[in-house]
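Below you'll find the structure, written out as structure tokens, and then a few comments.
Derivation of every value follows stated rules applied to the coordinates shown; laboratory data play no part. Keep in mind that this is a model prediction, so the values were computed, not measured. Glycine gets a Cβ as well: all are built from the backbone with ideal geometry, and neighbour counts include every protein chain shown.
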Amino acid sequence: MSEAVKKVVEITPEEEARVLEWTKSKEYLEKNLAREATVINPAHGCQPVGAQLAAHGFEGSLPFVHGSQGCASYYRSTLNRHFREPAPAVSDAMTEDGAVFGGQNNLFEGLENAYKLYSPKIMPIFTSCMPEIIGDDLTAFIKNARLKGHIPEDFPLPYANTPSFNGTHIHGYDAMLKAILEDLTAGKRVEGACTGKLNLIAGFDACTGNYREYKRLLDAMEVPHTLLADISETFDSPLDGEYQYYPGGTPLAEAAESINGKATISVQKYATASTMKFINQEYGGKHEVLPMPIGVQATDAFLLKVSQLFGKPVPESIKAERGRVVDAMTDAHQYLHNKKFAIFGDPDQLLALAGFLLEMGAKPYHVLCSRASKKFDKEMKALLESSPYGKGCHVWTNKDLWHLRSILLDDPVDMMLGDTHGKFAARETGTPLIRIGFPIIDRVNVHRYPIIGYQGALNLLTWTANKFLDIKDDTCEDQWFEMMR
Ligand code: SF4
């Protein structure tokens, strides 16, 4: 077959094979780990993806991107591919003239059209990199849009600056959620008033099953609650033949009165830092930040804290669930004991997953976070040191999945836990990958299965232990191919 395109540099197959082998060497590992200027396949998305996820979690909400159309397509398609549900959002489609003269006119036109065409109840606005680089002043633009009549005076337009060159999807989530709560609760605080409810913030969590599980546990405990930024219906609504623009989401009136809640709990410290700072300053009631309840110990801590805050005992049905999971852990521990895992993703989820592995007697051997603070590094190391199974494990902060490939080739593990982006390293290193986190775009329905609570621990346990058994069946010699494992 003749080549239509002349290659710029001719590389022989032999040379290609030699370089590939070299990238698996110790020498390359050292060069790779010394790399600073380039990021290859990071284990995170950009800020606006998180902002859009938070925006989708409210009733009648139409996320509005101030910036480039192409960027907006990336956020929408990533959410859409992960959930296999529509992720409707609009963009004011800034192009070259917007980049030179600023995007105010784009915003005016976009707001007017979106409001008239799609009848939303709220339009949370967030930015792509381009308006951030040129320094668009959203505060002034939105004020002008109202003054000039492009949007009604009282229509809620919370907005967040989400520059992707400074942060990841968890920071965008945080900034957007804070802006929405600030907007909706403004002037709603009443001294002495209390809704008697728990406000729960799941953090950047793209697992719809987790949201349903939080609600099920709180219902079982008879604790009245408002799940803030609730995407469980938005991204997992029934297919009944009728398309809805805005299924589910936290009702706006409930979100507004959350400021007078009895207590507010966030289960993701790193993904809600500025939101919780705002809540600590402005919200009534008690405020708590807990670890994500993955595994038995963290779920116990979550339920006990809720029980203590609301004076409600943990019901027998939930205690029985706990007992069943402990039984399931006992049944499965022989397949996980001392196994080495590489885990990668967001800080809060990594801490929670490491905790789960340690309580199973498994090793979170390589923990990789592509964007993490020194605080996270310290916290993770302290967690690993607290268990005999954490000894000798490694924490890799601000490293990407191309680093992880080199690391695994040099010091392999038995299994990887993380999102779809890890599949390249998994394939090249021959490591099984259990998909957890965001985005999962090469498997179906995973987001519908909780990983939090006792039910979530059971799922994690089942997926990991059975994967090891599948591998054994697929690879063992005939004399070890047993009916029973
Ligand atoms: S990183 Fe910036 S330019 Fe790239 S998709 Fe995100 S917002 Fe757009």
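A compact table of results
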item: Ordering of 161-170, 138-147, 474-483, 186-195 by burial proxy (mean other Cβ atoms within 10 Å per residue, highest first); result: 161-170, 138-147, 186-195, 474-483
item: Packing-based order for 346-357, 275-286, using average beta carbon neighbours within 10 Å, highest first; result: 346-357, 275-286
item: Qualifying aspartates and glutamates (Cα of each under 20 Å from Cα of Lys467; at least 8 residues distant if same chain); result: Asp327, Asp331, Glu359, Asp414, Asp419, Glu428, Asp442, Glu477, Asp478, Glu482
item: FRET E, pair Asp327, Val9, Förster distance 56 Å, beta-carbon r, rounded to 0.05; result: 0.40
item: Estimated inter-spin distance, Lys375 and Lys467, nm [label 7 Å along Cα→Cβ]; result: 3.1
item: Charge dipole (debye, nearest 20) of the chain; +1 at Cβ of Lys and Arg, -1 at Cβ of Asp and Glu; result: 960
item: Contact order normalised by residue count of region 319-478, Cα under 8 Å, 6+ apart, percent; result: 23
item: Summed side-chain charge close to Pro131 - residues other than Pro131 whose Cβ falls under 12 Å, Lys, Arg +1, Asp, Glu -1; result: -4
item: Over the chain: helical MRE at 222 nm, DSSP H runs n ≥ 4 each giving -39500 (n - 2.57), nearest 500; result: -14500 deg cm²/dmol
item: Packing-based order for 22-33, 414-425, 108-119, 294-305, using average beta carbon neighbours within 10 Å, highest first; result: 414-425, 294-305, 108-119, 22-33
item: Full-stretch length increase - Phe424, Lys148 - with 0.36 nm per residue and alpha-carbon distance subtracted; result: 94.2 nm
item: Cα-centre dipole for region 216-265 with unit charges at Cβ (Lys and Arg positive, Asp and Glu negative), debye to 20; result: 240
item: Centroid-to-centroid separation of region 33-68 and region 265-334 [C-alpha atoms, Å]; result: 27
item: Amide H within-cut-off set for Phe58, under 5 Å, with H built and near neighbours excluded; result: Thr250
item: Neighbourhood charge, 12 Å Cβ-Cβ cut-off, centred on Pro48 and excluding it, Lys, Arg +1 and Asp, Glu -1; result: 0
item: Taking N as its residue count, the alpha carbon Rg of the chain over 2.2 N^0.38 Å; result: 1.04
item: Long-range amide H partners of Lys286 with built H, under 5 Å; result: Ala263, Thr264
item: Residue-wise HN-Hα coupling along region 198-213, computed from phi with Karplus coefficients 6.51, -1.76, 1.60 (Hz; x: Gly, Pro); result: 8, 9, 10, 10, 6, x, 6, 9, 9, 10, 5, x, 5, 5, 5, 5
item: Flagged links, alpha-carbon separation over 25 Å, of Lys26/Lys399; Lys31/Lys374; Lys121/Lys286; Lys24/Lys374; Lys188/Lys305; Lys121/Lys178; result: Lys121/Lys286; Lys24/Lys374; Lys188/Lys305
item: Chymotrypsin sites (Phe, Trp or Tyr not before Pro) restricted to DSSP loop in region 220-274 with at most 16 other C-beta within 10 Å; result: Tyr243, Tyr245
item: Dipole of the chain, positive end: most advanced residue of Thr226, His169, Gly323 [Cβ charges, Cα centre]; result: Gly323
item: Formal net charge of residues neighbouring Ala179 (Cβ-Cβ distance under 14 Å; K, R +1; D, E -1); result: -2
item: Length-normalised contact order for the chain - Cα pairs under 8 Å, 6+ apart - percent; result: 17
